[in-house]
Amino acid sequence: MEQRELTVELRTKTGKGISRQLRASGLIPGVVYGKGIEAVSVTVNPRDLATAIAGDGGQNHLITLKGDAKLSGMTVIVADLLLDSLRGDMKHVDLHKINMSDKVHVQVPLNMVGSAVGVKEGGLLDVIMHLLDVECLPAQIPAHIDVDVTELAIGHSIHVSELRVPAGLKVLADPSAPIVSIHGKTKEVDEAPTEG
């Protein structure tokens, strides 16, 4: 996955009042933390952050920090992003420092591919799982994992154990968990004679 850049500024003052002032001035508070470093309070431009996590891969993009010498060149991923429940504005971001040689636990979006046979026969496609928990090296994080639903018939499901994942990915989800199903009446039921 392509690496993005994000400029951050160190923040010495913390607290709810300071956070409100930052948001009022068009910035958001954040924290950078991880193995081997003390947590550091930072200020981030939400437009720059939105650009850094835009597109396929979202919050799993590897981000190189720019700005303060203490943090410059550090690779992070967005561990948590707090959004306003009504407006959807960014309110706070947690940036997790990662080591490219240490495995990370991330959630990867599942991408449904194809037109299911069961939908063509009048069934409804029910996507149960949208994200898959995986563990891998940071450079191996996929933007998404494709789930081919082309052969999926009414009354059938695709489970986690049936996924084809890229090499190096360890799936952490329950293998028996359903990802997608097709609901609806089967042809046998539709064609059953009516009593009369």
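The values are calculated or read from the model by the stated rules, or taken from the named source; none is laboratory data. This structure is a prediction, so every number in the text was calculated from the model and none was measured. Glycine gets a Cβ as well: all are built from the backbone with ideal geometry, and neighbour counts include every protein chain shown.
Numbers at a glance
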{"quantity": "Selection status of residue 54, at pLDDT below 90 and either on the phi > 0 side of the Ramachandran plot or assigned to a loop (DSSP other than H, G, I, E, B) (or both)", "calculated": "no"}
{"quantity": "Odd one out for residue 88, checked against (1) within 19 Å of the chain's Cα centre (by Cα); (2) at negative phi; (3) assigned to a loop (DSSP other than H, G, I, E, B)", "calculated": "(2)"}
{"quantity": "Qualifying residue in the range 45-64 (condition: farther than 30 Å from residue 145 by Cβ and not aliphatic (A, V, I, L, M))", "calculated": "yes"}
{"quantity": "Tabulated pairs, the range 165-177, first in the same structural domain as residue 147 (by TED's automatic domain parsing), second of a type in the set (Asp, Glu), C-beta under 7 angstrom, 6+ apart or interchain", "calculated": "170/135; 172/133; 172/135; 173/133"}
{"quantity": "Per-region count, the range 152-179, residues in a loop (DSSP other than H, G, I, E, B) and over 17 Å from the mean Cα position of the chain (by Cα)", "calculated": "13"}
{"quantity": "Residue 102 being modelled with pLDDT of 95 or more, charged (D, E, K, R) and outside any strand (DSSP E or B)", "calculated": "no"}
{"quantity": "Selected residue (criterion: farthest from the chain's Cα centre (by Cα)) from residues of the range 136-147 that are surrounded by 15 or more Cβ atoms within 10 Å (Cβ to Cβ) and in a strand (DSSP E or B)", "calculated": "147"}
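Each row is one residue, and each column tells you yes or no for (1) surrounded by 15 or more Cβ atoms within 10 Å (Cβ to Cβ); (2) out of contact with any strand residue (DSSP E or B) (no Cβ under 6 Å at 6 or more places or on another chain); (3) part of a loop (DSSP other than H, G, I, E, B).
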| residue | (1), (2), (3) |
| --- | --- |
| 12 | no, yes, yes |
| 32 | yes, no, no |
| 42 | yes, no, no |
| 50 | no, yes, no |
| 65 | yes, no, no |
